[in-house]
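Written out below as structure tokens is the structure these notes cover.
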Amino acid sequence: MKKHSFKQLKSFLLLWGSQTVSQLGTAVTDYAVIIWVYSRKGTASSVALLTVCTFLPTIFFRFLAGSVVDRRNKKRIMLIADLLAACGSLAVLVLHSAEVLQIWHLYIINFLLSLMNAFQEPASFVAVSMLVPEEHYARVSGLQGFSGAAVSILAPALGALLLAGGGLDLVLTVDLATFAVAFLVLLFLVRIPEKEWEKSEEESFSDTCLAGIRYLKEHTAILRMTLFLAVINFLAKLGNDGMLSPFILGRTGNNQAVLGAVESFTALGVLAGSLLATVRKPSGKRVPLIFITTGLVFSGNVIQGLAQQPWLWCAAAFGSYLMAAVMNVNMDTLMREKVPLEMQGRVFSAKSTLQNFTIPPALLLGGLLADTVFEPFMTAHSPAQQFLSGLFGTGKGAGIGLMFFIVGIAGMLISFTRLRKPVYRELDRTETETIRTTD
């Protein structure tokens, strides 16, 4: 990185580095808590409910959070959210040390932490836009993706090491230490420039909460892109993003080592894609790149569905998530460039809610379809089953492989056909005027 660029990004790099340390501590805690819960209950549903408690509040409270973020000091919101998150880890530590920790405690704490995350994420998104010159948006998005992938790779290994060395108490203590690093760096070393945005005196708080939705409705191209991502998220959770574990374990007779290898190549793909987006020259045509890379992501589903060799599953996972990282960086950069800074909190929150609300039903539907439709179909003797078994094999996991193939073809068709829609081309305009497009 050039010296001039480093100077421009100094505040961001301090924030990014310290937040990455804290995210690693949080990820290690999440890993250890899942292990603890599963060891107590021994059921997948207990872990799934923990995930639901972590996920849903963030979606439900995003509209409120976006309005608060655009009206209030971003640094203060981030500090408060981080402090309350640390209180959650401290509460778990105290309860566990006193040997009174129950699983329902974790459900409640995760729910509250997810509520804080609903405010922290949009505040962080806008803060980065304030800290970073526009020409570096793609670079910093790549760095954020890179650190996220690195955390995903390191967290299980570090979590297992800390659990073996000192149990859950040691994990939580390390988590609190990483929080202290991030909190103190943000408090004393990072200055986030704030600006008083002009706002209508007649606009009520409820109106500002819905301002993000109104903005999307008025800017057709961004709304269409958001709805496209909602469909993509739905398909992804029906495919290898949501059904990878039962697919690999079914195919391999519950071989956790193979599953771990495929998941590692997934994280390495994100790492490589984020690094590529960081060092390469920013694309002048982001929209075609987003659709092309998304289509290539789903090609990985097709390959994994047809393949029966672990090395092909790993290669497809690496390639798919490399493309996904490039897509995410360009989508993130596009939003920073096209949405006015004073609206980013509300628009980010509205976009996040709309594109992610399809994930919970897709996860539920994926398991239902696999267990009651596709897996039974691939074990029942019929002419269609005999033909398809030549492509997808037989036994456990073959039905999910067929699901992967169908999802992959659907995702590729939806992604590549967007290239012919003129409404999206407006997003690649370099002019600063308001985007108002029609089909």
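Quick note: the coordinates plus some simple rules give every number you see, no bench work behind them. Quantities reported herein were computed from a predicted structural model and do not represent experimental measurements. Because the Cβ atoms are built from the backbone with ideal geometry, glycine has one as well, and the counts that use them run over all protein chains shown.
Given the convex hull over the Cα atoms of segment 1-189, what projected area results after averaging over all orientations, in nm²? List each step's numbers first, then the result.
Details: hull surface 45.2 nm².
Average projection, Cα convex hull of segment 1-189: 11.3 nm².
Fully extended, how many nm does the chain gain between L368 and S39 (0.36 nm per residue separation, minus their Cα-Cα distance)?
Extending this stretch completely gives an extra 115.9 nm.
Any idea what the relative contact order of the chain is, in percent, if you count C-alpha pairs under 8 Å spaced at least 6 apart?
For the chain, the relative contact order is 24 percent.
Report the Stokes-Einstein translational diffusion coefficient (µm² s⁻¹, integer) for segment 210-428, Rh taken as the Kirkwood radius over Cα pairs, at 4 °C with viscosity 1.567 mPa s.
D = 71 µm²/s.
Most fluctuating residue of A257, A149, A182 in a GNM of the chain with Cα springs under 10 Å: which is it?
Maximum among the listed residues: A257.
Please identify the longest segment of the chain free of exposed GluC sites (Glu not before Pro), where exposed means a DSSP state other than H, G, I, E or B and no more than 12 other Cβ atoms within 10 Å.
Answer from the scan: 204-430.
What is the distance, in nm, between label points placed 7 Å from the Cα along the Cα-to-Cβ direction at A180 and at S389?
With each label placed 7 Å out from Cα toward Cβ, I get 6.2 nm.
Among 394-401, 69-76, what's the highest-first ranking by average C-beta atoms within 10 angstrom per residue?
Result, highest mean Cβ count within 10 Å first: 394-401, 69-76.
Given q = 0.06, 0.13, 0.14 Å⁻¹, what are the Debye log10 I(q)/I(0) values for the chain, with equal point scatterers placed on the Cα positions and solvent ignored?
These q points yield log10 I(q)/I(0) values of -0.26, -1.30, -1.49.
Mind telling me which of A65, A160, A81 comes out most flexible in a GNM of the chain, alpha-carbon contacts under 10 Å?
Maximum among the listed residues: A160.
Let me know the whole percent of all Cα-Cα pairs from segment 296-348 that are separated by more than 12 Å.
On the way: 926 of 1378 pairs.
Pairs farther apart than 12 Å: 67 percent.
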